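Note sheet for the following structure.
The values are calculated or read from the model by the stated rules, or taken from the named source; none is laboratory data. None of the values given here were measured: they were computed from a predicted structure. Positions of Cβ are backbone-derived with ideal geometry, glycine not excepted, and every protein chain shown enters the neighbour counts. Ligands, DNA and RNA are stripped out before the accessible areas are found, and what is left, the full protein with its side chains, is counted by its heavy atoms. Shrake-Rupley method; radii C 1.70, N 1.55, O 1.52, S 1.80 Å.
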Amino acid sequence: MKALEEYIVKYGQIKSKDILKVDNFLNQLVDIKMLREMAKEWYLHFKDKGVTKVLTIEASGIALATLTASLFDVPVLFAKKGLSSNMSSNLYQAKVFSFTHNNMNNIFVDKNYLLKNDKVLIIDDFLANGQAVMGLLDLCYQAKAKVVGIGIAIEKGFQKAGDMLRSKGYDLKSLAIIEEMDPVNKIIKFKG
Ligand code: 5GP
């Protein structure tokens, strides 16, 4: 998606050769106009898949998933990263190693919210080593829900999770695929 690539070049900060900061339009300040365009791209790609629920992981995926779910007119469900006293104990649980925080999290969804007949579209902001997506796939597997697609805003192609998911047959639609980032010369190369 050309407009997203342009945003990444204009606003993104290359923190290292494998970490991109996009707090100023995606991860903290949320640029609704851009996110609406991104949601439209996923809608056009997945509109014939019978999506019944959009699934993401808190917190950065929520805005993207919500705008996308509103186009499909279906609920958005987000996996929680911790347990709180007001959550049910009837939960699906999966483990996710966080790329950015370098720690292991358990993620949870209430069993009443992810159902056997759901056709799930997974949405997230970044794809790095695929841990977050694998955790969400695991929750769907436990619920016997069908995953009909995966939408990623920024795939870091050099980290290979995209190749792995495509080779497993998932319909993965990444809106921008970064092939290489050079923090010294501040250059980002995109695929295609
Ligand atoms: P993965 O689970 O695929 O290894 O990493 C994806 C998750 O880590 C995403 O949910 C995202 O929040 C975070 N992440 C991975 N790489 C980056 C990055 O370069 N920049 C930012 N801001 N988040 C990232």
Computed for the stretch 37-192: size of charge dipole around the Cα centre, +1 on C-beta of each Lys and Arg, -1 on C-beta of each Asp and Glu, debye to nearest 20, value 400
Phe97 accessible area, assembled protein chains, probe 1.4 Å, Å²:
80
Looking at the calculated P(r) for the stretch 1-53, what percent of the C-alpha pair distances fall above 13 Å?
65
Using only the Cα atoms of the chain, each taken as one equal point scatterer with no solvent, compute I(q) by the Debye sum, divide by I(0), and report log10 of the ratio at q = 0.12 Å⁻¹.
-0.55
In whole Hz, the Karplus estimates of ³J(HN,Hα) for the stretch 73-87 (6.51, -1.76, 1.60; θ = phi - 60°; x where Gly or Pro) are 6, 10, x, 10, 10, 10, 6, 8, 8, x, 9, 10, 5, 8, 8
Take Met104 and Asn129, extend 7 Å from each Cα along the Cα→Cβ direction, and tell me the distance between the two endpoints in nm.
1.3
Show which aspartates and glutamates lie in cross-link reach of Lys119 when reach means a straight Cα distance below 18 angstrom and same-chain residues fewer than eight apart are skipped.
Asp48, Asp73, Asp110, Asp138, Asp171
Pairs Lys116/Lys173; Lys146/Lys168; Lys21/Lys81; Lys53/Lys191: which exceed 26 Å Cα-Cα?
Lys53/Lys191
Projected area of the stretch 94-141, taken from the Cα convex hull and averaged over every viewing direction, in nm²?
3.5
Long-range amide H partners of Leu91 with built H, under 5 Å
Lys111
Taking amide H atoms as placed 1.01 Å from N in the peptide plane, list the residues 5 or more away in sequence, or in a different chain, whose amide H sits under 5 Å from that of Asn105.
Val96, Phe97, Ser98
³J(HN,Hα), Karplus 6.51/-1.76/1.60, whole Hz, each residue of the stretch 9-16, x for Gly, Pro
5, 6, 10, x, 10, 7, 7, 7
Taking θ as phi - 60°, what are the ³J(HN,Hα) couplings along the stretch 35-48 by the Karplus curve (6.51, -1.76, 1.60), each to the nearest whole Hz, with x for Gly and Pro?
5, 4, 5, 5, 4, 4, 4, 5, 4, 4, 6, 10, 5, 9
Mind grabbing the accessible area of His101 for me, 1.4 Å probe, Å², rounded to tens?
130
In terms of modelled amide H atoms, which long-range or inter-chain residues lie less than 5 Å from the amide H of Leu55?
Leu77, Leu121, Ile122, Ile123
